[in-house]
Amino acid sequence: MSFLGRAIWVISIIIMIAGLVQCTKPPKEVPKDDHQTTEYNIQIPPYFPNVLEIPADNPLTVEGVELGRYLFYDGRVSGRTHPDSLMSCGTCHKQDNTFEAGPERAFPVGMNGDHTHHVMLPLINLVWNFGQYGWNGSVGSLEEMVLAVMTDPFEFNSSYEQIEQTISGIPGYPGLFEKAFGTPEVTAERIAKAIAQFVRTLVSGNSKFDRYLWGETELTSQELHGFILFTTEEGADCFHCHGGGGNPLFTTHLFYNNGKDTVFNDPHDRYAITGDPMDKGAYKAPTLRNIEWTAPYMHDGRFETLDEVIDFYSHHLQWSPQIDPLMHHIANGGVQLTPTEKASLKAFIRTLADSSFVTNPEYDRPDTFPDGNTLKSYPFE
């Protein structure tokens, strides 16, 4: 296919999805356990799917999201109150790193002093992730993820009882739990539900590429060339695993062995979950949205820059019996991009950065917590 032919093909994809419109829901009162809560008006960007991962037993409410935001950033949610022993979700999930830890602490240290098994995945657009969270898909929902963090030795290293007792003893929280859930009772399940509600509101869809699709800006010739490379098999062949064109999430949320290794001894890969030998060395394809802020890359953080990642897919793929069939260029060791093509691909990937997401005050730490405290999370601030 000629360059012009590929361009026409890409433009046809854009035209095909151009009929989609922004989907929002007006606030309304939602009866729940004999008390009234206000439905949270989640903003769905144009062209994004309108089917959301919101459990029937944990709908998004204004009250639940408000409580979840407090808990997400309150270091006492780990069940501890001493200033030198606090840890919250926000301790490692930093907004300016698109709710990931960032390169300076790629493998965060948990309350037991040990590093996590893998680098972190960003908390971004997870309201469209239907189960199978984490690099290996070991967790079935955001609620389950929060509950797991509470007791995980590599994270909060606490207990449900300790956390419930700590949060229920902080002035202001029981009242917020009553607003969100109908009674002031503080439980680990309710804490997980509230934090999951807040995380589901973390929506990013206002990048330069999005504005290009909306007709508000233009891509440069280099960026457009990179887009064509991204979405064609004879180009960079990225779209099978990361979506593109008609997939605004830029991930399939599926798991692939992408040719990083030939020997697999990680006890936390996809094989550990499925028991299928063909899943050895397979990990989730993360979203490429805001990817320039989520270094280092791959599950083990082996690449520090986007240039290294692009060079790997171009020249350094390694064959194994477990290699995913979508790695079409494995026989050649990669897609063999030229320096000019690599620069174009990187330029396109950088159009997926959404600066409004990492500066949105609705996602930031509250100025004060329910008891008027202005504490900051240990140990990174």
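Figures for the structure shown
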| read-out | value |
| --- | --- |
| Förster-model FRET efficiency, 25 Å R0, E178 and N373, C-beta, rounded to 0.05 | 0.80 |
| Length released on extending from E144 to D364, taking residue separation times 0.36 nm less the Cα-Cα span | 76.9 nm |
| The range 273-341, dipole about Cα centre (Lys/Arg Cβ +1, Asp/Glu Cβ -1), debye to the nearest 20 | 180 |
| Distance (nanometres) between label positions extended 7 Å along Cα→Cβ at S168 and N332 | 6.4 |
| Virtual spin-label span in nm between E304 and T38, 7 Å along Cα→Cβ | 4.8 |
| Length added when fully stretched, S355-E218, from 0.36 nm per residue minus Cα-Cα | 47.6 nm |
| Amide H contacts of F303 (H built 1.01 Å from N, under 5 Å, at least 5 apart or other chain) | Y297 |
| Percent of Cα-Cα distances greater than 19 Å, calculated over the range 217-320 | 49 |
| Mean Cβ neighbour count within 10 Å, used as a protection proxy, ranking 188-194, 290-296 highest first | 188-194, 290-296 |
| Helix 62-73 vs. the chain, principal-axis angle (Cα, 0 to 90°, nearest 10) | 80 |
| Rounded to 10°, Cα long-axis angle of helix 306-315 versus longest principal axis of the chain | 40 |
| Placed amide H near I44: partners under 5 Å, 5+ positions off or other chain | C23 |
| Mean separation of Cα contacts under 8 Å, 6 or more apart, over the residue count of the chain: relative contact order % | 21 |
| Qualifying aspartates and glutamates (Cα of each under 14 Å from Cα of K260; at least 8 residues distant if same chain) | D269, D279, D300, E308, D311, D324 |
| Theoretical gain in end-to-end length, H82 to H268 [0.36 nm per residue, Cα-Cα removed] | 63.7 nm |
| Filter on K94/K342; K284/K346; K179/K376; K208/K284; K284/K342 - keep pairs with C-alpha separation over 27 Å | K94/K342 |
| Cα→Cβ-extended label distance, 7 Å offset, between T151 and E234, nm | 5.6 |
| Crossing angle, helix 221-230 versus the chain [Cα axis fit, 0-90 degrees, rounded to tens] | 80 |
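We did not get these values from a lab; they are worked out from the coordinates using the rules stated. Predicted model, so just to flag it, every value in this text is computed and none were measured. Don't worry about glycine lacking a Cβ; one is built from the backbone with ideal geometry, like all the others, and counts go over all protein chains shown.
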